[in-house]
Amino acid sequence: MRVAFIHPDLGLGGAERLVVDAALSLQELGHSTIICTPFQDANRTFREVAPPAPQVPVRVVPLPIPRSLFGRLQAILAALRCALLAVYVCLFVSFDVAFVDIVSLPLIVFAVFRKPVLFYCHYPDKLLATSLAPHSSPSRLKTYYRRFVDSLEAFSLRFASVIVCNSRFTACAFERTFSGLPKPSVIYPCVSIASKERGRATEEGITSNASKFSILSLNRYERKKDIGLAIDALAAMKHHEVRGKKLHLVIAGGYDERIRENIEYFNELEELTKTSGLTDSVTLLRNISDSERRKLLQESLAVLYTPSNEHFGIVPLEAMAEGIPVIAANSGGPTESIEDRVTGFLCDSTGKSFADAITLVMNDTALAAKMGTAGRERVLNLFARSVMGRELQNILMRIWPSGR
């Protein structure tokens, strides 16, 4: 089976990680895959799809449609770019089944060309737009524009051969938003798991390999990720030192200079660190490599995952795969990936609640090791790439005429 993936921007986010892992999981089962995208920055992409020799073939198709017009119309322009990309794929790429995510307009194109297509929903765009500006009062023109975009999303989804969501949380939101569509299936994102055991998944390893306790926050520099909560948690802790070891927070995330919010929010977090008196206890990093990411995970006592109502969240899986306890907000997708008080802690979104969980892990390294071992086992059983590959293959074979 030949599968063509359509993705709007092959960067370093969770959606991009999902697409890359989905393609790899199908390749491992003997299928052929290609990722088609209008844009890829060779310096900000995952190594599996990085030039000059990517593991997954990538075709970058530059299109004469801008990202925005005077900072506006991003949604409709992204939809048009992806629809035009779908036309290109149908005309010039040999494939049996298409995989579309984020932007639903290409579904109409594939239907016109009579090609089976799976739509993978990370979260309904209609709800994303509302959550990004919950208290604002849009102009009448903006209201009409949003209604048009939302109607286009609802209409185009009807052309999908099958719809899949990344979590039960997202699937429930999808059903509430698009009541007339079939109930979506759920296929969880996955992570790759190193073959050798993590060196610090024992109490002895945790206490002997670190000169200080390091906790880690991994997220894009976007306000909805609520990264400031990690700094608030550190500020709320009464003691930053246990058995002579100081606590240090490392914040690392995707940063795109083309996106104004990334720049502004990074500066806001730097200012919050200063006003909280934590300049020496917090390090902020941008656009780390895959090897740097894994090294930071392996050196951390715990990972903080701060977004509320996150649609799924790949970071908790990455942490658990490395045998690291996860401290996350008790809402959204993390309530499905994290087993509370077994592989980590699900907390209220307050600095004190996160601080209390950090303190428990700091003071009991045996508990941290036990949670790390349980987390790794959970990933192996539920979120391994092989699991995702089998589930995705089964659904694609049902919509591929030759696979029935």
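General remarks:
- If you filter region 6-35 down to residues that are charged (D, E, K, R) and part of a loop (DSSP other than H, G, I, E, B), you find that the one that is modelled with the highest pLDDT is Glu28.
- Screening Ser331 with (1) over 21 Å from the mean Cα position of the chain (by Cα); (2) under 30 Å from Ala160 (Cβ atoms); (3) of a type outside the set (Val, Ile, Thr) gives one miss only, at (1).
- Qualifying positions in region 193-219 - crowded, with 16+ Cβ neighbours inside 10 Å and either under 30 Å from Cys165 (Cβ atoms) or modelled with pLDDT of 90 or more (or both): Ile193, Ser214, Ile215, Leu216, Ser217, Leu218, Asn219
- One residue stands out in region 281-308 among those that are in contact with a Phe, Trp or Tyr (Cβ under 8 Å, 6 or more places away or on another chain) and touching a residue at least 40 places away in the same chain (Cβ under 8 Å): the one that is nearest to Ala329 (Cα to Cα), namely Thr306.
- For Gly180, the conditions (1) surrounded by 14 or more Cβ atoms within 10 Å (Cβ to Cβ); (2) outside any strand (DSSP E or B); (3) at pLDDT 70 or above; (4) not aromatic (Phe, Trp, Tyr) all hold with the exception of (1).
- Count - residues of region 335-357 that are in contact with a Phe, Trp or Tyr (Cβ under 9 Å, 6 or more places away or on another chain), of a type outside the set (Ser, Thr, Tyr) and either assigned to a helix (DSSP H, G or I) or at pLDDT below 95 (or both): 4
- Just one of the listed residues (Lys246, Lys224) is under 21 Å from Leu346 (Cα atoms) and surrounded by fewer than 18 Cβ atoms within 10 Å (Cβ to Cβ), and it is Lys224.
- Every condition in (1) assigned to a loop (DSSP other than H, G, I, E, B); (2) touching a residue at least 60 places away in the same chain (Cβ under 8 Å); (3) not acidic (Asp, Glu) holds for Pro51 except the one numbered (2).
- Out of Phe174, Phe155, Phe95, Phe99, sole residue that is part of a strand (DSSP E or B) and assigned by TED's automatic domain parsing to the domain that holds Arg398: Phe99
- Per this entry, Leu392 is counted among residues that are under 17 Å from Ser167 (Cβ atoms), part of a helix (DSSP H, G or I) and not β-branched (Val, Ile, Thr).
- On the stretch given as region 10-35, residues that are among the acidic types (Asp, Glu) and either assigned by TED's automatic domain parsing to the domain that holds Asn262 or surrounded by fewer than 19 Cβ atoms within 10 Å (Cβ to Cβ) (or both) total 1.
- Scanning region 64-103 for residues that are exposed (fewer than 15 other Cβ atoms within 10 Å of the Cβ) and hydroxyl-bearing (Ser, Thr, Tyr) gives Ser68, Ser94.
- Residue within region 123-132 that is assigned to a loop (DSSP other than H, G, I, E, B), surrounded by 17 or more Cβ atoms within 10 Å (Cβ to Cβ) and either at pLDDT below 95 or among the aliphatic types (A, V, I, L, M) (or both) present: yes
- Pro334 being out of contact with any Gly (no Cβ under 6 Å at 6 or more places or on another chain) and under 22 Å from Tyr221 (Cα atoms): no
The values are calculated or read from the model by the stated rules, or taken from the named source; none is laboratory data. Every value quoted in this text rests on a predicted model; they were computed, and no experiment measured them. Cβ: placed from backbone, ideal geometry, glycine included. Neighbour counts: every protein chain shown.
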